[in-house]
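The values are calculated or read from the model by the stated rules, or taken from the named source; none is laboratory data. Just so it is clear, the model here is predicted, and its values are computed rather than measured. Don't worry about glycine lacking a Cβ; one is built from the backbone with ideal geometry, like all the others, and counts go over all protein chains shown.
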Amino acid sequence: MGEEAPEYVLNSLELAACDSESTGCRTATIVGNKMYVVEGSEDGSKSWINVKIFDKLTRSWVFPTVLGIKPVQLKGHSTLLLKNGQLLIVKMDSTLDGCIWFLEVDSPFVKEQKKIFGTEVVAWSKGVIGNAPKPIVISGPSGVGKGTLINKLMKEFPSRYGFSVSHTTRAPREKELDGVHYHFTERSIMEKDIRDGKFLEFASVHGNLYGTSIEAVEVVTDSGKRCILDIDVQGARSVRASSLDAIFIFITPPSFEELEKRLRARGTETEEQVQKRLRNARAELDEAKSPGLFNHILVNDDLESCYGNLKKLLASDETADPLYQSSVKILKAHVSGMESKADHRTLIHCSASGTNAATNSLLMLDTSSLKGGAPGRTRGLGVYALGSLGDGLNGI
Ligand SMILES: Nc1nc2c(ncn2[C@@H]2O[C@H](COP(=O)(O)OP(=O)(O)O)[C@@H](O)[C@H]2O)c(=O)[nH]1
Ligand SMILES: Nc1ncnc2c1ncn2[C@@H]1O[C@H](COP(=O)(O)OP(=O)(O)O)[C@@H](O)[C@H]1O
């Protein structure tokens, strides 16, 4: 039998904003038979953030598996339960661009992860104002020309596209740089990071472990660039099942013989590795036909015409996506309180940084068009100034 619930549980305190002056803070939110307690404190040089669950049926505390990337510190916060199994957490004493966080407690992602881990799971996600360009997933058999096409794109449009640098346990090839082509990693370290929920997807490919960290994608997207992922078909499948809204392109060779020729001509693999890659290529070419997996299949016969087709496809997608144009603005404001409103709207009481009471104001947070979510960012937040903070805040 677990420890007796503290007084605030028995009072069913659903929205417990803490005093921003205090060193520690705690909120408790009831979802069904469970109460989610989010607590944080700054203790000298150390700061910590904890999530624990009080199960009202068994009257015991449960410490969940925590996925995603959490805030660095919580000096004070307010919590609000949204309809989709997410807690909206607004940090006090933080700039507006860093104060909005989500803790998923009963979202589809968390439900799926509970089955995988066999434990209670919660997942953090940072809230981002506005929308971001859709990432592009590029898959195809080894030697088909993915890297060549991506390099051309990055060279021609360096400010538009950014590459998601994967982690891998394979050894670097000559001319490959750590942190540029891959993060070359030891298996035990990568496996721990996977267990800690730092990866959007991972797969065993040609006998090595490869994976895309959440940060690899989000760092590129945060910078306003379109993120390109070069991953295998298993990885593409995992990303499809994730909260990341991406475009999926499969590059196919004109023939199997041509693929073999390119792979050998590249000269980066031993004969044994070439054989393994060719065996896997047959399976990948088959799997790519799975309905609903890839949005586009491009044949890389003549390089220039394939590159032209890729550019055309991306350009048409950019104009078709109305969100691509919106930019994320960074605003300075301190959050000092929050209350809920109907229709996915929440009011946040703010005061401008380094401020006095005269500049206190209200912000309206619109959560009606959220995109993405744990284990990456939650994008699509709308923020509108309602009061005197006005400068630069209207219609972000
Ligand atoms: N699932 C997954 N696959 C990856 C990742 N990074 C690279 N790959 C895939 O791993 C395979 C092998 O990549 P690599 O060793 O660079 O060889 P190459 O494809 O012959 O250039 C390719 O199909 C890549 O698309 C990743 O982060 N996740
Ligand atoms: N359309 C093409 N025609 C002929 N050779 C190509 C073409 N595209 C790429 N290559 C060559 O094929 C080899 C494999 O390409 P690469 O980009 O490394 O493939 P991947 O990243 O898919 O493994 C490289 O030597 C590259 O120069």
Next item on the list: Please list, ordered by first then second residue, the pairs with beta carbon atoms under 8 Å, 6 or more apart or interchain, first in region 264-285 and part of a helix (DSSP H, G or I), second acidic (Asp, Glu) and within 13 Å of ligand 2 (Cβ to nearest atom).
Entry: 274/260; 277/269; 278/260; 284/232
Margin query: Restricting to region 114-133, name every residue that is of a type outside the set (Phe, Trp, Tyr) and either crowded, with 21+ Cβ neighbours inside 10 Å or assigned to a strand (DSSP E or B) (or both).
Written below: 121, 122, 123, 125, 126, 127, 128, 129, 131, 132, 133
Notebook entry, point to check: Under the condition of being over 18 Å from residue 133 (Cα atoms) and of a type in the set (Ser, Thr, Tyr), which residue from region 298-320 is nearest to ligand 1 (Cβ to nearest atom)?
Noted result: 307
Check: Which one is modelled with the highest pLDDT among residues in region 134-143 that are more than 8 Å from ligand 1 (Cβ to nearest atom) and part of a loop (DSSP other than H, G, I, E, B)?
Finding: 135
Checklist line | Output for region 180-202, where each listed residue is within 16 Å of ligand 2 (Cβ to nearest atom) and at pLDDT below 95 | finding: none
Check: What tally of residues in region 17-41 results from selecting those that are modelled with pLDDT under 75 and either under 18 Å from residue 83 (Cα atoms) or surrounded by fewer than 16 Cβ atoms within 10 Å (Cβ to Cβ) (or both)?
Finding: 5
Check: Hey, does region 150-158 have a residue that's at pLDDT below 95, of a type in the set (Lys, Arg) and over 22 Å from the mean Cα position of the chain (by Cα)?
Finding: no
Next item on the list: Could you look through region 144-155, keep only residues that are touching a residue at least 12 places away in the same chain (Cβ under 8 Å) and surrounded by fewer than 19 Cβ atoms within 10 Å (Cβ to Cβ), and pick out the one that is farthest from residue 253 (Cα to Cα)?
Entry: 154
Check: Residue check: is residue 167 buried (at least 21 other Cβ atoms within 10 Å of the Cβ), under 27 Å from residue 225 (Cα atoms) and assigned by TED's automatic domain parsing to the domain that holds residue 204?
Finding: yes
Next item on the list: Could you tell me whether region 286-297 includes any residue that is within 13 Å of ligand 1 (Cβ to nearest atom) and buried (at least 17 other Cβ atoms within 10 Å of the Cβ)?
Entry: yes
Next item on the list: Search region 159-179 for residues being assigned to a loop (DSSP other than H, G, I, E, B) and within 15 Å of ligand 2 (Cβ to nearest atom), and hand back the single one that is nearest to the chain's Cα centre (by Cα).
Entry: 164
Notebook entry, point to check: Mind checking which pairs have a first residue in region 117-143 that is free of Cβ contacts under 8 Å to residues at least 60 places away in the same chain and a second that is part of a loop (DSSP other than H, G, I, E, B) and away from ligand 2 (no atom under 16 Å from the Cβ), Cβ under 8 Å, 6 or more apart or different chains?
Noted result: 119/64; 121/64
